[in-house]
Amino acid sequence: QQKLRDLKADIDKKAADGVDVSAVQAKCDAASKALTSAASASPSKAAEHIATATKSMDEAKALLDKAWTEKEVADTGAAIESLDGNINYFVENRSMGGDPRVVSIVTKRESAVQFYSQAKDGLNAKNYPLARSKADEGLKKANEALRDAEALRDEIGEGFSLGSLLPIVGIGVVIILVIVGVVIYRKRTRWDELG
């Protein structure tokens, strides 16, 4: 019962962190049911139920370890994806590919990708502690690069630069000209009707 309580506490903690525990919960429920049956069974039957419960708890722990690792690896992948969007902005939109600050961000991104790749290899090999460790290193590097990217965005200023303002001004001028044209046309039409 104590083992089950400890397991449930671990499941709740991981669930709060966003880990998918649905498969784990099913095993935990099976263990709980077996222990309930053991409490009212004969000694020989109780031993069977306890063995079933222990097996279900061991399977639940393994599934929880896997689900936790998958989440850690996925979080690192998501951070790298977000970083790629920032790098693309600097390179494509701002033509800053050669800027030393962008080069530094790209270098950190490459480091994060290496750790991410090692984390995925660890996950595939079912070496979950190694996979989590590498995912953690990758996430740290990716987050460091993301902080640098945010600081650079603030530094170069993204607000209303002249480049982004010109299309808006142009559209405004066109709308005003259309309105003026419509007003003049209507007045001429009325003068023609009166004349």
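The values are calculated or read from the model by the stated rules, or taken from the named source; none is laboratory data. Keep in mind the model is a prediction, meaning the values are calculated, not measured. Backbone-built Cβ (ideal geometry, glycine too); neighbour counts: all protein chains shown. These area figures cover heavy atoms from the full protein model, side chains too; ligands, DNA and RNA do not enter into them. Shrake-Rupley method; radii C 1.70, N 1.55, O 1.52, S 1.80 Å.
The residue that is farthest from Thr76 (Cα to Cα), among those in region 123-135 that are touching a residue at least 40 places away in the same chain (Cβ under 8 Å) and crowded, with 16+ Cβ neighbours inside 10 Å, is Tyr128. Could you go through region 58-71 and let me know if any residue there is within 17 Å of the chain's Cα centre (by Cα), of a type in the set (S, T, N, Q), assigned to a helix (DSSP H, G or I) and within 28 Å of Leu146 (Cβ to Cβ). Checking region 58-71: at least one residue is within 17 Å of the chain's Cα centre (by Cα), of a type in the set (S, T, N, Q), assigned to a helix (DSSP H, G or I) and within 28 Å of Leu146 (Cβ to Cβ).
For (1) among the hydroxyl-bearing types (Ser, Thr, Tyr); (2) free of Cβ contacts under 8 Å to residues at least 60 places away in the same chain, each residue gets a yes or a no:
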position	(1), (2)
Thr36	yes, yes
Pro43	no, yes
Ile50	no, yes
Leu63	no, yes
Lys66	no, no
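Yes or no, residue by residue, for (1) closer than 12 Å to Ala135 by Cα; (2) open to solvent by 60 Å² or more (accessible area, probe 1.4 Å); (3) among the β-branched types (Val, Ile, Thr); (4) in a helix (DSSP H, G or I):
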| position | (1), (2), (3), (4) |
| --- | --- |
| Asn88 | no, yes, no, yes |
| Ile105 | no, no, yes, yes |
| Arg109 | no, no, no, yes |
| Ser117 | yes, no, no, yes |
| Lys120 | yes, yes, no, yes |
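Within region 14-37, not a single residue is open to solvent by 80 Å² or more (accessible area, probe 1.4 Å), over 30 Å from Lys126 (Cα atoms), more than 20 Å from the chain's Cα centre (by Cα) and not polar (S, T, N, Q).
Applying the selection to region 1-13, what residues are open to solvent by 60 Å² or more (accessible area, probe 1.4 Å) and touching a Cys at 6+ places or on another chain (Cβ under 9 Å)? Residue satisfying the conditions is Lys8 alone.
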